[in-house]
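Notes for the one structure printed next.
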Amino acid sequence: MDQKLLLVDDEAGIRKVLSISLSDIGYTVFTAENGEEALKIFRKETPPIVLSDIKMPGMDGIELLRTIKHENPDTEVIMITGHGDMDLAIKSLKYRAIDFVTKPINDDVLEIALNRANEKILMRQQLREYTENLEALVREKSAKLIEVERQVAVGQAVESLSSAMRDIAGDLEGGLTYFNEMPCYVSVHSPKLKIVAANPLFRKRLGDKVGHNSWEIYESTAGGSFQCPAEQTFKTGKGLRTRAVVKTTNDDKAAVIVHTAPIRNQDGDIELVVEISADITEVKRLRQELLRTQQRYQQLFDEVPCYISVQDRKFRLTATNRRFKEDFDVQLGAFCYNGYKHRDEPCPNCPVAKTFQDGHSHQTEMVVTSKYGEQYNVLIWTAPLRNAAGEITHVMEMSTNITQIRQLQDHLSSLGLKISSISHGIKSLLTGLDGGVYLVDSGFAKEDPERVKEGWQDVKTVVSRIRKLVQDILFFAKERELDRKRIDVLDFAIEVASAVEPKIKPEGVHFVCDFDESIGDVEIDSSAVRLALISVLENALDACVEDNAIKSHKIVFTAKQKESDVIFEVTDDGVGMDRETKESLFTLFFSSKGNKGTGLGLFIANKIIVQHGGKITVESTSGQGSNFRITLPKTSPNPFDSLQD
C-alpha cells in the first residue's frame, strides 16, 4: 500500500505515535496540529483518508469535516474522540464521517476503521465504473438477445449490483454505529410495472415478488396519494429519491428511502427501472427515542424545585423552567436584571458575569421581586454551558427560594434586638436598685428614718419595675399582642409631629402639618403606631438631607379620614428611590444609607402597621422625592370575621 493519509491532532505525542503506526502499515502520513493547517495540506496533497481529532482549538474537527466534505465528498474522514464526547461523535456521522475511534486509540480498532474507509473508496470506484458501463451493457444485451435472454442477463446484472450494494450497506453499517442494520433492497421493473428481478435480500425480507405488480410491496397512504416510484420514473424519465413504507414477510412495516434509475435501450427509450431501497426504520426509532429523552430532560428541567434560567453573554434569558415562568413575568429575550431585579443595568457582583469571566461556578444571595410584587430571598448558583470547542456560550443560573429561612432568621434577629434592649433596661434598673440600697444602708448607719424610708421606697419601685420587665421578657418570647385603645387622631398626630419637629428644623427642612380636625378617633396601640410614624418621618428627613440638588426641602405630614380608614401621609422632595430600593424598603436590615442606616426602622414600621390590619404604600421616583401612605382601619378587625366567610 502506498496511500496518502492526513492526520490532524493538536497533541504532538498523539501525532508522533500514530504517524509511526500508520507508516508501518504502508500509509504516507501528512500531519497537522490544527484545522487551518490541515486544510492547507488537504488542498495541496488531496489525501483520500483524513484522521482528525474532534476537539481542537480554533477550527474544531466537526467544522474541518464539513469543509472537507464540501470540497471533496469522496474523501473519507475518521474522527478521534474522547469517551465523554459521544454526542459529538454521533454528530460527526451526521456530517458523513465514515467512522470514529475513541482515545486511547486501539491499533486493531483503528485498522478496522481504515479498512472500512479503503473498502468504501474501492467500492465507490467500482460502482462508478459499473454505472458508467451499465447502460451500454443493457443496450447491447437488449439489442442482441430475445426477451428471455435479456431478462436472464438483467438478472445476472442485478445480482452483481446487489452484491455491490450489500457491500456498501455493510460499510455503512460499520460507520453508523447507532444502526443495528442498514439493508438495501434491489429490484428491476418492466414498463408494465411488473417486478422482473430482485436481489436475495429483497426476496428474504419482502418476499419473492418477481412477476408481481411493482406497487404491491408498498403500503398505500390515506387518500391514495402515494405513487409507485417505478411508475413515476417511467413517466418522467428521471431518477428520483422518495420516502415510502414497505410491507415485510413478517407482516411488519418498514420505512425506506427509495432511489430509482431508468435503464434505456438503443433508441433512448426507458426499457427498465432499477429501484434501490434503504431501510430507515432504525433511524426513525432512534429519533423517537431521542424525542422521548428530550421530553424527559424537559420534564426534569421543569419539575426541579428551584428557579432555572439560561442566559447569554448579554444577560438575556434564552430558557427558563416552569417554576420560573410561574413566579416571574419575564419573557425569553428579556434582560434578567431588568425582568426580575427591576434594574436598568447588570447587578453588582453578578455571579453570571463572573462565570463568563473565569468559567467557574459562583454563588450569591439576592432579593428578587415576583410578578405578584412579593419579594423572595434566593440563593443563586451558576454553571457554565460550553459548545463543542469548549467555549462558554451560556450560563445556567439556579436559584433556590430561601425566604422562609430568612423570615425565621428575621424573627430570631428581632428577638435578639428585644433581648438587647431589655438587657439595657435591666442594667438601668439595677443601677436604681443600688441607689435605693445605698440610701437604706446609710439611713440605718446614721439612724436617719427618713433616709431609710426614702431608700426603701426606691427599692420597692425598682423591684416592681423588675417584676414587670421579667413579665415583658416572657411576653417578647412570643408574638407581641397589641394594646389597642381608642384615641383622638388629631391629638395623636400633633403629638407625633411634636416628637420629630426638634429633629427636622435644625436641618433647615420646612415641616408642614395638615391635619383634618374632624377626623375623630381610632382604635390602635398608640405607642407602636407612634414608633412607626416617627420611623417614616425620619426616613423622609434623611432623604431631604441627602439631596444636594436643591437648596431647601419640605416634608408634609397629613392626617385624614377616608370612609372607615385613617390615612397618614408623609411626602418629601428628597432624593427619591429607584424601583429596586422601593421594593426592598421593608426588608429586614436593608438600608440605602450604607453604614449610617441599620435597616430596622422601616421594617419594624411596616410590621406594626400590618399587625394593625393596615398597610404602607410607597410612590417614589429617583431624584423626585417620595410619598408614604399609611392606612389604618379606625376599628380593630374582628378576629371572627374570617370564620364567617
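Where a number appears in this text, it was derived from the coordinates with a stated rule and is not lab data. This one's a predicted model, so the numbers in the text were calculated from it and none came from an experiment. Ideal geometry is used to build each Cβ from the backbone, glycine not excepted, and the neighbour counts take in all protein chains shown.
Key figures
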{"item": "Cα-Cα over 19 Å, subset of Lys562/Lys634; Lys562/Lys607; Lys560/Lys634", "result": "Lys562/Lys607"}
{"item": "Cut-off under 5 Å, modelled amide H: who pairs with Lys4 long-range", "result": "Thr28"}
{"item": "For the stretch 485-641, alpha-carbon Rg relative to the globular expectation (2.2 N^0.38 Å, N residues)", "result": "1.02"}
{"item": "Inter-probe distance in nm under a simple model that places probes 7 Å from Cα toward Cβ, at Asp74 and Leu379", "result": "6.4"}
{"item": "Phi to ³J(HN,Hα) by Karplus 6.51 cos²θ - 1.76 cosθ + 1.60 over the stretch 28-44, Hz, x for Gly, Pro", "result": "8, 9, 10, 10, 8, 9, 7, x, 5, 5, 4, 5, 4, 5, 4, 5, 8"}
{"item": "Among 526-535, 505-514, the order from most to least packed when residues are scored by Cβ within 10 Å on average", "result": "526-535, 505-514"}
{"item": "Long-range amide H partners of Val196 with built H, under 5 Å", "result": "Val188, His189, Ser190, Gly211"}
{"item": "Entries in Lys55/Lys94; Lys44/Lys69; Lys325/Lys371; Lys94/Lys314; Lys325/Lys615 that, when Cα-Cα distance is taken, lie over 21 Å", "result": "Lys94/Lys314; Lys325/Lys615"}
{"item": "Dipole magnitude of the stretch 304-400 about its Cα centre (Cβ charges: Lys, Arg +1; Asp, Glu -1), debye to nearest 20", "result": "180"}
{"item": "Footprinting exposure proxy for Tyr307, Tyr218 (fewest neighbouring C-beta atoms within 10 Å first)", "result": "Tyr218, Tyr307"}
{"item": "Alpha-carbon Rg/Rh ratio, for the stretch 17-95, with Rh computed the Kirkwood way", "result": "0.95"}
{"item": "Order of Lys634, Lys562 under a 10 Å beta carbon neighbour criterion, fewest first", "result": "Lys562, Lys634"}
{"item": "Relative contact order [Cα under 8 Å, 6+ residues apart], the stretch 304-400, whole percent", "result": "29"}
{"item": "Sites Asp516 and Leu430 - FRET efficiency at Förster radius 41 Å, r taken between beta-carbons, to 0.05", "result": "0.30"}
{"item": "Protection proxy ranking, peptides 578-586, 451-459, average beta carbon neighbours within 10 Å, highest first", "result": "578-586, 451-459"}
{"item": "In sequence order, calculated HN-Hα J values of the stretch 302-308 (Karplus, 6.51, -1.76, 1.60; Hz; x Gly/Pro)", "result": "7, 8, 4, x, 7, 8, 10"}
{"item": "Amide H partners (placed H, <5 Å) of Met59, local residues excluded", "result": "Gly35, Glu36"}
{"item": "Net length gained if the chain between Lys485 and Tyr130 were fully extended (0.36 nm per residue, minus Cα distance)", "result": "117.1 nm"}
{"item": "Phi to ³J(HN,Hα) by Karplus 6.51 cos²θ - 1.76 cosθ + 1.60 over the stretch 333-349, Hz, x for Gly, Pro", "result": "x, 6, 7, 4, 5, 8, x, 10, 10, 6, 10, 9, 8, x, 5, x, 6"}
{"item": "Sorted peptide list for 234-242, 57-65, criterion being average Cβ within 10 angstrom, highest first", "result": "57-65, 234-242"}
